[in-house]
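The structure appears right after this line, and notes come after that.
The values are calculated or read from the model by the stated rules, or taken from the named source; none is laboratory data. These numbers were taken from a predicted model, which means no experiment stands behind them. With ideal geometry, Cβ positions are generated from the backbone for all residues, glycine too; neighbour counts draw on all protein chains shown. Remember, those area values only see protein heavy atoms, side chains included, never the ligands or the DNA or RNA. Shrake-Rupley method; radii C 1.70, N 1.55, O 1.52, S 1.80 Å.
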Amino acid sequence: MKDNDKQTSRMMIRKHKKRRHFFRRFILILAVLIAAGTTVAAFEMHRLNPLNHFNNLKTVGGDPSEVKQKAGAFNVLLIGNDERKKNSTASHTDSMVLIHVNLNKHTYNLLSIPRDTRVNIGGGVYTKLTSVQYVSQLKNGTKQGIIDAVQAVSRLTGVPINYYAETNYWGLKDMVDSIGGIDMKLPFRVRLTHPWDKSFSGKVYEVGTHHFDGKTATEVVHERYSLPGTDYGRQQLQEAALMAIAKKVMQPANITKLPALSRALPQFLTATNMSSEDMLSAALGAKGNFHPEKQIKYRQVKGTNARMYDDVLKSYNDQLILPKEELNVVIEKYFSD
């Protein structure tokens, strides 16, 4: 073999060896990256598992109760305020729904608390629930006002509350629009008497299922004057709206979108102490085993109206007194484990 041929052959052998070393290193690096990615993914799934994530939870604004909660269970207070102007610093509580979530049993118990409920805000000082947040926000700032309202509900019910999520007219409207509207089942005839958008004034929606966009759904759930039981009628409409939202979100076509939806949820809220991870873990806990009509149960405790002295507003006004014994029975049966 000529010298040139030998030299060419040696160069080809060296190139082949380099190429083999390169592929070996590439495969090794790829294997390490895959292993690392798998480990991280497994760690994330373990951490976001509801039994691990919702464990040893804190309560809002301190520790109003020493009740030990089971892993995978938590309480959240949904707050709807009457804010109409965006970026307001103070607003009245328009509606409150206490939810006990048990991701072990896949149950969701809801209790609506009327806005005019008489509550103790500490030290024997009583006022209407709707005033707690507004007055505190004027004095102590937006966040503290929400915390004081949450603690008032916790004190009323004896339930430790771990999370709160507050929305307003605009947040609810945008949320419903973001999922393409909802099919809401009305349990009774609804006539809009005091809509925020005056073009809806006098509109009537008969008993049955209606497809509502965000604005219409929001106007409907804010109605109360034309409803049977006024505030209690409004609670039923709120239940119907929450049920419709849950059904729409959990449709098969949307199941795979749950992580994205949970991350987008904060943009529809005016305030919350739930992180995106909290919402994602809750969504993962419900995913694939969620049947709203069977698992979401709505509770009501009806009170009596009385003209009482309001220690905060320094005047007499109409307040709603919830029967303590009946409230305790509902809480013990559906809101504790």
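Per residue, how large is the accessible surface of region 103-188? Use a 1.4 angstrom probe and give square angstrom.
Values: 3020 Å² over 86 residues.
Averaged over the residues of region 103-188, the accessible area is 35 Å².
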So, counting K/R as plus one and D/E as minus one, what does the shell of residues with Cβ under 12 Å around Tyr205 add up to?
+1
For a protection proxy built on the mean count of beta-carbon atoms within 10 angstrom, sort 293-301, 170-178 highest first, please.
170-178, 293-301
Enumerate lysine pairs in region 93-205 that are 8 or more residues apart or on different chains, then count those whose Cα atoms are under 22 Å apart.
6
Region 92-109-region 149-178 distance, computed between alpha-carbon centres (Å):
9
Using +1 at the C-beta of Lys and Arg and -1 at the C-beta of Asp and Glu, which of Ile161, Met175, Pro187 has the Cα lying farthest in the positive direction of the dipole of region 153-213?
Pro187
Area of His211 that stays accessible when all protein chains are in place (1.4 Å probe, Å², to 10)
110
Calculate the spin-label point distance for Asp213 paired with Gln251, positioning each point 7 Å from the Cα along the beta-carbon direction, and give it in nanometres.
1.7
Prolate/oblate/rounded label for region 150-227 (Cα gyration tensor, a/c 1.5)
prolate
Full extension from Thr107 to Asp318: what is 0.36 nm times the residue separation minus their Cα-Cα distance, to one decimal in nm?
72.5 nm
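Percent of accessible area on region 173-260 owned by carbon and sulfur, 1.4 Å probe?
54
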Counting Lys +1, Arg +1, Asp -1, Glu -1, what net charge surrounds Val190 among other residues with beta carbon under 12 Å of its beta carbon?
+3
